[in-house]
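Participant: One structure is given below, represented as structure tokens, and several questions about it will come after.
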Amino acid sequence: MSVLTFVEVADGKIKKASVEAAYYGSKTAEALGTDSVAVVLGTAAADELATLGQVGVKKVLHANDARFNTFDSKAYAQAVSEAVNAAGANYVVLSFNHNGKVLAPRLSVKLKAGYVPGAVALPVADGNNATVLKNVFSGKATANYAVATEKKVIAVNPNSLSPVRAEGTAAVEAFAPAVADFSVTVKGVDKIVGEIPLTEAELVVSGGRGLKGPENWWMVENLAKELGAATACSRAVADVDWRPHHEHVGQTGLTIRPNLYIAVGISGAIQHLAGVNGSKVIVVINIDPEAPFFKAADYGIVGDAFEVMPKLIDEYKKFKAAH
Ligand SMILES: Cc1cc2nc3c(=O)[nH]c(=O)nc-3n(C[C@H](O)[C@H](O)[C@H](O)COP(=O)(O)OP(=O)(O)OC[C@H]3O[C@@H](n4cnc5c(N)ncnc54)[C@H](O)[C@@H]3O)c2cc1C
């Protein structure tokens, strides 16, 4: 038996969400008294993959095959289930991110495995059974899911746990899955450059309809630039094309858990909170003292964003210059 984690790489680098998943896999393996193994699909340097040893991974099965550089859920499901068999894994762990949400259900069908989407804590095993805590109702509550199948697929909510790194190097082994079914052909890649990816960002400045129009986003962008933060927005704003949809956070957008989330002119509807209420510190700037977001805030500024934001940007510039 072992615990196998599906680890994603982008441009040869291990994704932050996958490091968390690998840590989760290693902690699960430790509790079960078994080995933590990872599978990586696509081009990456062995040195980079060996760093998974720092989060407890003993062995990495690496399909160093450029055909995997584009995510293809069918081909990935075939390859990962082959890795599950090669590793003799009973637990399969992956991140509950974009690709994980697509891959995990396919895997669970292939492996006839029970599936826990969005786990927020390590599984508690009892013989063949396991109970896993997960978010429900858009993060408003949690529930314990009991899984009784022999194989289990667990998709871990990003930022549910902070990986603790230690000394260690994982052994990297070549892995050649017999995948026949590559169904996706990439015709072109439209890459967003120069922005901090939202899912990886520790600091986020986010704007809502209270900013009145896209021409006022300079406030969000300037503060983000000063802080070295990523920018986000509410769905209401993305729906009217003030901002691109890849910035929309919430129930139907991205789930993020940065160290700092600054919400400007956002009401704090439950569907928005679902994507951000795991942030460590939430700062809310809203003109309406009754705005629901203040209930979820660690710090709140009741005020007009058009007055508060320029002052905040200026003050932060002064603070930076003085330190
Ligand atoms: C099924 C479903 C899924 C959804 N999924 C999402 C989701 O994933 N993400 C999401 O964000 N929403 C989602 N929504 C929409 C959600 O319910 C809200 O409508 C939306 O979040 C509101 O966006 P907002 O706060 O920017 O706008 P508004 O609700 O219009 O709020 C604007 C806020 O700005 C404040 N304001 C106004 N002027 C100023 C000023 N000058 N200075 C400071 N503050 C000011 C107001 O007091 C108000 O609180 C979903 C809805 C449904 C039904």
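The values are calculated or read from the model by the stated rules, or taken from the named source; none is laboratory data. Keep in mind the model is a prediction, meaning the values are calculated, not measured. Every residue, glycine as well, gets a Cβ built from its backbone with ideal geometry; the counts of neighbours run over all protein chains shown.
Participant: Mind checking which pairs have a first residue in the stretch 256-285 that is touching a residue at least 12 places away in the same chain (Cβ under 8 Å) and a second that is among the polar types (S, T, N, Q) and within 7 Å of the ligand (Cβ to nearest atom), Cβ under 6 Å, 6 or more apart or different chains?
Facilitator: Note: pairs meeting the criteria are ILE266/SER234; GLN271/GLN251; HIS272/SER234; ALA274/GLN251.
Participant: Of the residues in the stretch 113-132, how many are more than 19 Å from GLU20 (Cα to Cα), out of contact with any Lys or Arg (no Cβ under 7 Å at 6 or more places or on another chain) and not β-branched (Val, Ile, Thr)?
Facilitator: Matching residues across the stretch 113-132 total 5.
Participant: Report, by residue number, each residue of the stretch 40-75 that is surrounded by 20 or more Cβ atoms within 10 Å (Cβ to Cβ), free of Cβ contacts under 8 Å to residues at least 60 places away in the same chain and farther than 18 Å from ALA171 by Cα.
Facilitator: Answer for the stretch 40-75, where residues must be surrounded by 20 or more Cβ atoms within 10 Å (Cβ to Cβ), free of Cβ contacts under 8 Å to residues at least 60 places away in the same chain and farther than 18 Å from ALA171 by Cα: just PHE68.
Participant: Something else about it: Of everything in the stretch 200-228 that's crowded, with 21+ Cβ neighbours inside 10 Å and in contact with a strand residue (DSSP E or B) (Cβ under 6 Å, 6 or more places away or on another chain), which residue is farthest from ASP314 (Cα to Cα)?
Facilitator: Out of the qualifying residues, it is ALA201.
Participant: Go over the candidates GLY250, GLY300 one by one and state the one that is free of Cβ contacts under 8 Å to residues at least 40 places away in the same chain, touching a Leu at 6+ places or on another chain (Cβ under 9 Å) and not β-branched (Val, Ile, Thr).
Facilitator: When all the criteria are applied, what remains is GLY250.
Participant: Okay, moving on. I'm trying to understand the selection: among the residues of the stretch 183-213, which are closer than 21 Å to LEU94 by Cα, among the hydrophobic types (A, V, I, L, M, F, W, C) and assigned to a loop (DSSP other than H, G, I, E, B)?
Facilitator: Residue satisfying the conditions is ALA201 alone.
Participant: Another question, then. Looking for whichever is among the hydrophobic types (A, V, I, L, M, F, W, C), modelled with pLDDT under 95 and either in contact with a Pro (Cβ under 8 Å, 6 or more places away or on another chain) or closer than 22 Å to GLU195 by Cα (or both) here; the options are LEU254, LEU260. Which one fits? Before you say what the answer is, go through the steps one by one.
Facilitator: On the way: LEU260 fails: modelled with pLDDT under 95.
Result: LEU254 is the single residue among LEU254, LEU260 that is among the hydrophobic types (A, V, I, L, M, F, W, C), modelled with pLDDT under 95 and either in contact with a Pro (Cβ under 8 Å, 6 or more places away or on another chain) or closer than 22 Å to GLU195 by Cα (or both).
Participant: Among the residues of the stretch 82-97, which ones are buried (at least 21 other Cβ atoms within 10 Å of the Cβ) and not aromatic (Phe, Trp, Tyr)?
Facilitator: The initial filter retains those residues of the stretch 82-97 that are buried (at least 21 other Cβ atoms within 10 Å of the Cβ), namely 83-84, 87, 89-97.
Hits for the stretch 82-97 are ALA83, VAL84, ALA87, ALA89, ASN90, VAL92, VAL93, LEU94, SER95, ASN97.
Participant: Separate question: (1) at negative phi; (2) assigned to a loop (DSSP other than H, G, I, E, B); (3) surrounded by 11 or more Cβ atoms within 10 Å (Cβ to Cβ): which one isn't true of ALA155, the others all being true?
Facilitator: The number of the failed condition is (2).
Participant: Could we say that ALA174 is of a type outside the set (S, T, N, Q), within 18 Å of the chain's Cα centre (by Cα) and surrounded by fewer than 17 Cβ atoms within 10 Å (Cβ to Cβ) here?
Facilitator: Judged against the criteria, ALA174 is not a match.
Participant: Follow-up. Which fully enclosed helices (runs of 4 or more DSSP H) of the stretch 230-322 have 3 or more residues being more than 13 Å from the ligand (Cβ to nearest atom) and out of contact with any strand residue (DSSP E or B) (no Cβ under 8 Å at 6 or more places or on another chain)?
Facilitator: On the way: elements: 235-239, 270-276, 293-296, 305-322.
Hits in the stretch 230-322: 305-322.
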